[in-house]
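For reference, the structure is listed below as structure tokens.
Here, each number is a calculation from the coordinates, and none is a lab measurement. No experiment lies behind these values; they were computed from the predicted model shown. Cβ coordinates were reconstructed from backbone atoms using ideal geometry, including for glycine residues, and neighbour counts include every protein chain displayed.
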Amino acid sequence: MNTRRMFHRLSALALATVAFSASAANVPLGLDVATPVGANWYVSSFNGCGDEGELPVRLAADSDCILSIIDADFNEYGDAYDGGWLTYVNGTPVTAPEVDLTGTTVTAPAVQISGLDVTTQYYFAPNSAVARILVTLHNPGNSSVAAEVQMPTNYGSDSGTVYAATSSGDAAITTADRWIISSDGGPWDPVNTSVFYGPGAVAETPVAYATTVHDAAGDEGIGATFALDIPAHGTQSLMFFAGLNGITSGTNTVAAATTAAAAFDNYATLQPEWLAGLSSIQRGQIVNWNPASLGGETTTCASSGYTGTKLNWCRIICESESSSSTIETYLRRWINKYRDLPYCAVEGGGEELPPQG
């Protein structure tokens with residue numbers, strides 16, 4: 001989302017929402033996002049939508065606006081992708097004829113899939129060859145929604161693709177691997193690092209990986225499938241990272257990429273710029289990393305002990321991506337009925353408002 005909603009304590013008699021939005025520009029797809037470190041990321045639509053592959057499912061031929069990092073280069077090494085980091089929910093792609101561009105952050109407008117509002121955002125770090133991919137699923141309904149999320153990437157290395165290293169220390173790919181490094185064996189193309197989930201205890205990990213994806217001069221790549229259940233009025237996010245070459249250096253070797261990938265093995269070694277722009281509430285919604293270790297807000301409506309109507313209203317106010325007017329309406333209902341504030345709107349927590357006449 002290009003809008004960040006934050007809640008502040010107001011006077012004893014009133015509560016309101018304040019919506020922030022950074023200066024943004026709506027632009028059509030076909031972007032070259034260049035970063036100061038020298039990496040170039042090309043965000044466009046993937047047009048080979050009718051081609052078969054194990055992941056994603058076969059789509060109609062007219063599905064030609066699938067949002068993707070279509071390619072990337074760093075330190076004169078190019079052709080990283082032939083359509084990378086596409087998002088599918090229950091077999092339907094996230095499409096976007098235009099996007100918001102703010103600095104080096106590309107945010108697609110929310111699309112409705114299976115009753116969910118789905119947003120994909122690409123953020124490109126300025127000082128390292130790293131992209132952060134954030135997929136956010138909001139359920140505005142009153143019942144939970146099952147969501148199979150697929151994230152396929154086709155590597156530009158095509159038939160020369162070699163899966164060279166994984167987080168478990170070998171080259172065999174299993175769902176126990178949090179990150180995977182591939183190259184074209186030269187390397188002539190960039191060495192690719194794909195990070196699918198974080199270390200330690202996390203709520204969601206991939207239920208499957210596939211090395212055959214959509215076809216684009218070859219169907220070699222990596223795709224991850226997650227099986228989520230989005231609660232009523234709830235929001236969950238998946239966060240991924242993509243690295244080129246040696247990530248923090250232009251050295252384009254598997255050894256350099258493997259050394260750099262160790263930064264994803266510990267929350268303390270994640271570079272601050274990789275998490276830049278994520279609020280504590282957003283970090284708390286990420287389910288494939290440990291939100292507390294990311295500095296996320298881990299208090300939830302459920303953990304606050306709310307039940308029934310109070311739980312439903314809290315989820316709309318604190319944990320949804322509803323419009324400002326909707327949130328304000330429910331805030332006022334909350335105050336009138338309960339004479340206090342929901343957990344996310346109180347600094348210090350738990351102070352009650354005095355009775356209103």
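What to note about this one:
- Taken along the Cα-to-beta-carbon direction at a fixed 7 Å, the label points for Ala217 and Ser114 span 3.3 nm.
- Simple spin-label estimate for Ser304 and Ala201 gives 2.3 nm between the two label positions (7 Å along the Cα-to-Cβ direction from each Cα).
- Inter-part distance, the range 100-114 to the range 144-185, computed on C-alpha centroids, equals 24 Å.
- Label-point separation, Ser324 to Asn26 (7 Å along Cα→Cβ), nm: 1.7 nm
- Stretch gain in nm, segment Ala227-Asp170, where the contour uses 0.36 nm per residue and the Cα spacing is subtracted: 17.9 nm
- Cα lying deepest toward the dipole's positive end in the range 214-343, options Ala256, Thr235, Asn336, charges on Cβ: Asn336
- Dipole magnitude of the range 21-284, debye to nearest 20 (Cβ charges: Lys/Arg +1, Asp/Glu -1, about Cα centre): 920 debye
- The range 21-284: C-alpha gyration tensor shape, a/c 1.5 cut-off, then a/b vs b/c: rounded
- Extended-chain gain in nm, criterion 0.36 nm per residue less alpha-carbon gap, Ser280 and Ala208: 23.0 nm
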